[in-house]
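Let me begin by presenting the structure, written as structure tokens, before commenting on it.
No lab work stands behind these numbers, since they all come straight from the coordinates. The structure presented is a predicted model; accordingly, all values stated were derived computationally and were not measured. Note that we place each Cβ from the backbone using ideal geometry, even for glycine, and neighbour counts take in every protein chain shown.
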């Protein structure tokens, strides 16, 4: 049971109670002091009486005790009968034997027993006091006097005094109570009036009410402050009424915006969920089929990373416009987020109609996009599903359309697929890879292999390229071309790339003890250069390694050449300042441009294996290889050929002016444990032994 809330008392009640408690305390202390004083007086009076009486009796008893005259002693003690307070008395000789005694008539058992061997002193008890006094003659003791006085008269006087004190105290309290109440009323009246006004304001919501500034200075200040606050509230009440009207109009507008995407002006995910529920309900009620298309753009990430988010947003806007144009209106079209869109078709859709719509969308979305002064190309992978023909529930409908979209991607992108009963192996594998990549790094499933880069003239090893490998616990080894795009799409490529760099740098530090001039190249994703937060750990890894400048080279994809923005150039300059060399991987197959190339602080060009393999087949292939080598020489950067598989490849590249190369002719990628011994052998013999 919850504890009961303590009762709240008014200030008037608290002041009255406090005053009465204070008065009670003061009166009680005064009464106690007077009572103690009265007790002290009674005790002093008894002491004085005893002292006087024993002095007189002792003086008169000297002769009787000297001559041991018992009769005279009895007469002396009998004279005490005239003193009503004396209860008994006795005279003793020096040996302590009684000589004479006196006991008041009518008295019950005495309070004390008088003793002749008692030393001069006073014995107190509740019923009486006994005083013992030595009887002396010329300062020589001749006997002992014992005299008891009763305390009843003293008690009677004390009770009367205490009763009087009590009456005075009660009378004072009776007078104090109304005085304190009157004082409390006077002090709290202004506050009570202010409370009443406040309560009226709360009940009536009338901010025009005011409180009278009366009473004490503090109460007047409080009332004035209250009145000023009411004036402000009255003013704000008017403003609030106006603002509420504006807010109601804005809420209507926000309610509309809640269903639209602010980039493309299409409906958003919130609307899509409600539209799905409505379509399912309608199909179940009428029996007419409805269809769902999931659309995922192919290549949007590359455009967004290289041309920037503004260009990406513009591309998404154009995609939305094309969807609306093909479907003759925005009804049923939604952007789910990122580069994902959805289309809902209801009102009785057949498989043939759905196929026709999907084909039109694929054709419309693969046309080029004008993004300012630049042109971009993306395509779309579309997956569709009919309800209730191919799905028994809302969840199955969404899942099957999503699976069909992944099937379209797995089939080569830029196409569409409709769901069929049963899940295809490709879809199952894609989902397994996506789920597996999220835990691969933490579970230790990733490892590095290293492919040697040699001097084509001498065959001596000059460096190594670190390559990432993944062994899935169920699927086995997965090719980088398959899992790297997925890792980039779901965002795990950033921590994977940083781990790869740190692991490779640590290995290079160990190997340089054997080959001091050894260099290492590591691939880096464009996602790792999207902002300074991902860039800094890369630079820190180089600083922590203690390696000399340009001992580590970062291989960049050629798609980065498209982005010549000041931000990207500054980030590449930051990498160079941190000590990295920069290589353009697979040069010549993507966005190659001398204008772009001249803007970047690169140190190496890598000839793609496709050009190396085409050198012997056509004059065109040989010319391309020669041109790339010439570009590298003109820019004074190193040129490295990839995919060397024969001695003839190496000899031709060497004649064309290329000095560095790698490929299976020299060695396949090796595990880290295999590199050390063969590196040591190469250093001893001056050549890399395959």
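Side notes on the structure shown:
- Nearest 10 degrees, 0 to 90: helix 309-327 Cα axis against the chain principal axis: 70 degrees
- Separation between Cα centres of the stretch 38-99 and the stretch 471-521, rounded to whole Å: 122 Å
- Descending by average beta-carbon neighbour count within 10 Å, the peptides 114-121, 266-273 line up as 266-273, 114-121, the highest first.
- With the simple spin-label model, which puts each label point 7 Å out from Cα in the Cβ direction, the residue 52 to residue 565 separation comes to 11.8 nm.
- Each label was represented as a point 7 Å from its Cα along the Cα-to-Cβ direction; for residue 35 and residue 67 these points are 5.5 nm apart.
- The chain - mean residue ellipticity at 222 nm from DSSP helices (-39,500 (n - 2.57) per run, n ≥ 4, rounded to 500): -17500 deg cm²/dmol
- Calculated on alpha-carbon atoms, Rg and Dmax of the stretch 24-122 in Å: 18.2, 64
- Packing around the peptides 165-173, 314-322, taken as the average count of other Cβ atoms within 10 Å per residue, puts them in this order, highest first: 314-322, 165-173.
- Likely footprinting exposure, 46, 26, 640, fewest C-beta neighbours within 10 Å first: 26, 46, 640
- Taking the average, over residues, of other Cβ atoms within 10 Å as the packing measure, peptides 230-242, 464-476 rank 464-476, 230-242 from highest down.
- Tensor-based shape of the stretch 437-684 (alpha-carbon gyration tensor, a/c under 1.5 rounded, otherwise prolate or oblate): rounded
- Angle of helix 672-685 to the longest C-alpha principal axis of the chain, folded into 0 to 90 degrees and rounded to 10: 60°.
- Centre separation in Å (Cα based) which lies between the stretch 612-639 and the stretch 114-164: 138 Å
- Ascending count of other beta-carbon atoms within 10 Å, so fewest first, for 397, 377: 377, 397
- A Förster radius of 60 Å, combined with the Cβ-Cβ distance separating residue 231 from residue 331, puts the computed FRET efficiency at roughly 0.65.
- Length gained when the stretch residue 447-residue 174 is fully extended (0.36 nm per residue, less Cα-Cα span): 88.7 nm
- You can think of it this way: the chain between residue 258 and residue 137 has 31.2 nm of extra reach, that is 0.36 nm per residue less the Cα-Cα gap.
- Rounded to 10°, Cα long-axis angle of helix 647-656 versus longest principal axis of the chain: 90 degrees
- Against the set (i) 31.0, 94; (ii) 28.1, 89; (iii) 55.9, 171, the structure's computed Rg and Dmax of the Cα atoms in Å falls on (iii).
- Taking label points 7 Å from Cα along the Cα-to-Cβ direction, residue 192 and residue 532 give a separation of 6.8 nm.
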